[in-house]
Amino acid sequence: MIELRHVSLRYGTREILNDISLTIEDKKVKAILGPSGVGKSTIIKLMLGLIKPTSGQVLVDGVDITHFSEVELFPIRQKMGIVFQGNALFDSMTITENMSFFLRENLNLPEAEIEARVKEQMKFAGLEGFENYLPDSLSGGMRKRVAIGRALIFHPKMILFDEPTAGLDPVSSKKILDLIARLQREIGLGAVIVTHILSDVFAVADSVAVLYQGRIIFNDVPQKLYESTHSFITSFLSNQED
Amino acid sequence: MWKLAQAYSTALEEKLKSIVFSMQDFLFFSLRAFRAIGASKRYWRDVLDQAYICGTESLPILLVSALSIGSLIVIEVGHQLAEFGAKTMTGRSVALSVVREISPLVAGLMLAARVGARNSSELGAMQISEQIDALRAFGTDPIAKLVVPRLVASFLMFIPLIALCDIVGLISGAYLAEWDLHLDRGIYWNSVVDILRPMDWFVGFSKPPVFAIGISLISCYTGFSTTGGTAGVGKSTIKGIVYSSAFVLIMNFYLSKVILDFMRS
């Protein structure tokens, strides 16, 4: 379980997040919805300890990781996989090397185990036959699936998606959303999905938090969004429906 | 008028603050790099790759620079000496200038441009595409993986590269002295060997390790602190080259000054 307690973040005089409190339960999919540039991706980075909040606490499985060092954060980060918006694949490495890189780096596993894990993820992501391709030679949707495979390679409890369908065509978007739904259904994986696309929320999320001007203005099941009277939510819903 | 002055003063204050914060940040970055230096054992393949990039791949431009260094000194100084009937002193002038000053300086500047630009742009591109965040997120220290191999490789390669520049500079000087000043090669080399003392080599070779550390850390730091998309990569590449070159120019002067003053005292 990941918990943010009264988290605020400022860069100089610029306020990014203001008193955010959120709970992400295991085996559930939580969406964080909001317009671009509102600080949604920052929340994911806070959860991983990639940035520190100005105030407040970040807890993972009840452990306060707010002031953890990089070394202390490693076992925490192994519980979570992340899929970055731009995938963050290493462009000089093949798909297989991208997937196995962090296993080789951080876990002292036998080569057979590494190969088995990579094979498992290649199969799950439907990438068999592309083992020796470089990321640049794949389509956007395939690159996203490689990034998902890489995030799953440590067998995490939770996976964090930063705009998983941004920039993808409708067919590729559907494939990615189906993959996320399968992760929850088949292996009981929890997920956080940061997005500005309403249909993604309704496709996979169990609950949704809406971020606006650095604050959470809604936190409930997606269906209740239509009952909200907040002017931003009503305008957001009507714009997306158009 | 008063409001304008106030606005300028606030802008100046902000600029100064940002300079101080950047310097503090750079200091912490450098300390982290030195603390992680042991990782070079683990990433020895990356060290070799970087040694190839900053060593072997830099050779052509360094050799061209070295050729012109020796030749230019002969053209400028040799002819002046010839006017006073002292062209046999050409070897001495070339030797001292090349070994102590010009060869480390020109090679340092070339390496600042080549290695500095590469580090800043490559790491800057990795920063904006979140590859550096990915390293951290999956439990790899990006400083150990990306900065330490570059630092160690430069440290190992700069001394032999500058030694090679010295040799090529002296040889090109010998050929040009013979061709342009009709100075016998034996006389040239005699005066070179005669003038060069161990301390002169020490002055020359004290510079490459300092340049290696400075250029690597500055260019890696500018790469790591890249923001603002592809335009940001361009800016950090320029910063990497400019700051590294300024470092080379300043350190070249101070190292020569301090060591030569110490020798004379």
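Determine the equivalent ellipsoid of the stretch A:90-153 by diagonalising the alpha-carbon gyration tensor, then write out the semi-axes as square roots of 5 times the eigenvalues, largest first, rounded to whole Å. Walk me through the intermediate numbers first.
Numbers: eigenvalues 69, 29, 18 Å².
So the equivalent ellipsoid measures 19, 12, 10 Å along its semi-axes.
How large is the translational diffusion coefficient of the stretch B:24-119 in µm² per second when you combine the Kirkwood radius over alpha carbon pairs with Stokes-Einstein at 37 °C and 0.692 mPa s? Working shown, then result.
On the way: Rh = 16.3 Å.
Here the translational diffusion coefficient equals 201 µm²/s.
With respect to chain A, whose longest principal axis is taken over its alpha-carbon atoms, helix A:140-152 is tilted by about 80°. Answer rounded, prolate or oblate for the stretch B:1-74, using the Cα gyration tensor with square roots of eigenvalues a ≥ b ≥ c: rounded when a/c is under 1.5, else prolate when a/b is larger than b/c, else oblate. Because a/c hits 1.5 or more and a/b fails to exceed b/c, the stretch B:1-74 counts as oblate.
Is the shape of chain A rounded, prolate or oblate, going by the alpha carbon gyration tensor and its root eigenvalues a ≥ b ≥ c, with a/c under 1.5 for rounded and a/b larger than b/c for prolate?
On the way: a/c = 1.94, a/b = 1.34, b/c = 1.44.
The shape class here is oblate.
The long axis of helix B:59-73 is offset from the longest Cα principal axis of chain B by roughly 40 degrees.
Considering only B:Val94, B:Ser71, B:Leu16, the residue lying farthest towards the positive end of the dipole of chain B is B:Leu16, judged by Cα position with unit charges set on Cβ.
If we count every other residue with Cβ under 10 angstrom of B:Ile53's Cβ, Lys/Arg +1 and Asp/Glu -1, where does the sum land? Working shown, then result.
Details: positive: B:Arg114, B:Arg118, B:Arg150; negative: B:Asp49, B:Glu57, B:Glu122.
After counting each charged neighbour, the total is 0.
Treat the stretch A:1-132 as a sphere of radius equal to its Kirkwood radius over Cα pairs and apply Stokes-Einstein at 4 °C in a medium of 1.567 mPa s; give the translational diffusion coefficient in µm²/s, rounded to a whole number. Rounded, D is 76 µm²/s.
If only the Cβ of Lys and Arg carry +1 and only the Cβ of Asp and Glu carry -1, the dipole of the stretch B:39-260 around its Cα centre is close to 580 debye.
If you take all C-alpha pairs in the stretch B:189-252, what percent of them are over 20 Å apart? Don't jump to the answer; show the numbers that get you there.
Details: 928 of 2016 pairs.
Across the stretch B:189-252, Cα pairs with separations above 20 Å total 46 percent.
Work the Kirkwood hydrodynamic radius out for the protein assembly as shown: mean of 1/r over every pair of different alpha-carbon atoms, inverted, in Å. Kirkwood hydrodynamic radius for the protein assembly as shown: 26.3 Å.
With the convex hull of its Cα atoms as the shape, chain B has an orientation-averaged projected area of 19.5 nm². Rounding to the nearest 10 and keeping the result within 0 to 90°, find how far the Cα-based axis of helix B:2-35 lies from the longest principal axis of chain B. So the inclination is approximately 80 degrees. Counting, for every residue in A:88-97, the Cβ atoms of other protein chains within 10 Å of its Cβ and taking the mean gives 2. Rounded to whole numbers, the Karplus 3J(HN,Hα) couplings from phi for the stretch B:85-90 are x, 10, 5, 5, 7, 4 Hz, using 6.51 cos²θ - 1.76 cosθ + 1.60 with θ = phi - 60°, and x at Gly and Pro.
To the nearest 20 debye, what charge dipole does chain A have about its Cα centre, counting +1 at the Cβ of each Lys and Arg and -1 at the Cβ of each Asp and Glu? Let's see the in-between values first.
Values: 26 positive and 30 negative charges, 44 e Å.
The calculation lands at about 220 debye.
Taking amide H as placed 1.01 Å from N in the peptide plane, A:Asp220 has its amide H under 5 Å from the amide H of A:Val208, each at least 5 places away in sequence or on another chain.
The string of couplings for the stretch B:249-265 from the Karplus curve (6.51, -1.76, 1.60, θ = phi - 60°) is 4, 5, 5, 4, 5, 5, 5, 4, 4, 5, 5, 5, 4, 5, 4, 5, 7 Hz, one whole number per residue in order, with x for Gly and Pro. Amide H contacts for A:Ile32 (H built 1.01 Å from N in the peptide plane; partners 5 or more residues away or on another chain; cut-off under 5 Å): A:Ile193, A:Val194, A:Thr195, A:Ala209. Between the listed residues A:Ala147, A:Ser137, A:Leu107, the Cα displaced farthest toward the positive end of the dipole of the stretch A:90-153, a dipole computed from Cβ unit charges relative to the Cα centre, is found at A:Ala147. Projecting the Cα positions of A:His6, A:Met47, A:Gln121 onto the charge dipole of chain A (unit charges on Cβ atoms of Lys, Arg, Asp and Glu, taken about the Cα centre) puts A:His6 furthest along the positive direction.
No value in this document is a laboratory result; all are computed from the given coordinates. Everything quoted here is computed from the prediction, not taken from an experiment. We place every Cβ from the backbone using ideal geometry, glycine too, and count neighbours over all the protein chains shown.
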